[in-house]
Amino acid sequence: VAGVPAPRAKLMDKVKEFLANEPTSELKCAEYGPLSKKGVMLIHGPAGSGKTRFSRELELRILDEYYNERKKQGITVLLIKCQLQILQRPLTDLFFETMRRQYRLREVQIHALYDKILDENEKIECVFLLDGYDEMRPEFHKHNVFASNNLENFRNGGSKSTSFNYPKVIFLSRS
């Protein structure tokens, strides 16, 4: 990847592959089933390893290259960047609280957007970039943010529940 140091370029390539392809591996979790088919990726590293810088680069790539690539396919990409550590209810209200606090949308705007995402006739692909997982309050750490927020409802392009076309969710966390 031009302009990105080698280790970050390799990681960026992995993320681009994750975004572009339907998950195929059978990584299993007893409680939640095949996580890889649900489009979940974890990027972690020690403090100071460049996760925040990488997330900024990733955000720009999603909003530029990936957005334009999917637009050619008739799909609108909606990037939802969330700082988990500032949310009061990250286990149950991730989308709505993020839209209120970080995007400064009014309730009517949030509900209109949510309805549009859920509309089976719309072609909207949600990509959640969830930063600060390790910085959430300790009582939230042992819970599955994907499951507790029903993120599977944010299916790419309004796919029916029979599809494995889940939204893409990228968690960033310190190791």
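The values are calculated or read from the model by the stated rules, or taken from the named source; none is laboratory data. Predicted model, so just to flag it, every value in this text is computed and none were measured. A quick note on method: Cβ atoms are made from the backbone with ideal geometry, for glycine too, and the neighbour counts reach across all protein chains shown. All accessible areas refer to the heavy atoms of the entire protein, side chains included, with ligands and DNA or RNA removed. Shrake-Rupley method; radii C 1.70, N 1.55, O 1.52, S 1.80 Å.
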> If you check Arg174, Arg70, Arg101, which single one turns out to be surrounded by fewer than 17 Cβ atoms within 10 Å (Cβ to Cβ), touching a residue at least 12 places away in the same chain (Cβ under 8 Å) and in contact with an Asp or Glu (Cβ under 7 Å, 6 or more places away or on another chain)?
Replying inline: Arg174
> When residues of the stretch 148-161 are filtered for being at pLDDT 85 or above and either charged (D, E, K, R) or closer than 15 Å to Leu84 by Cβ (or both), how many remain?
Replying inline: 4
>> Being open to solvent by 60 Å² or more (accessible area, probe 1.4 Å) and free of Cβ contacts under 8 Å to residues at least 40 places away in the same chain is the requirement here; does Tyr114 meet it?
In response: no
>> Looking at the stretch 83-135 only, could you name the residues that are of a type in the set (Phe, Trp, Tyr) and assigned to a strand (DSSP E or B)?
In response: Phe128
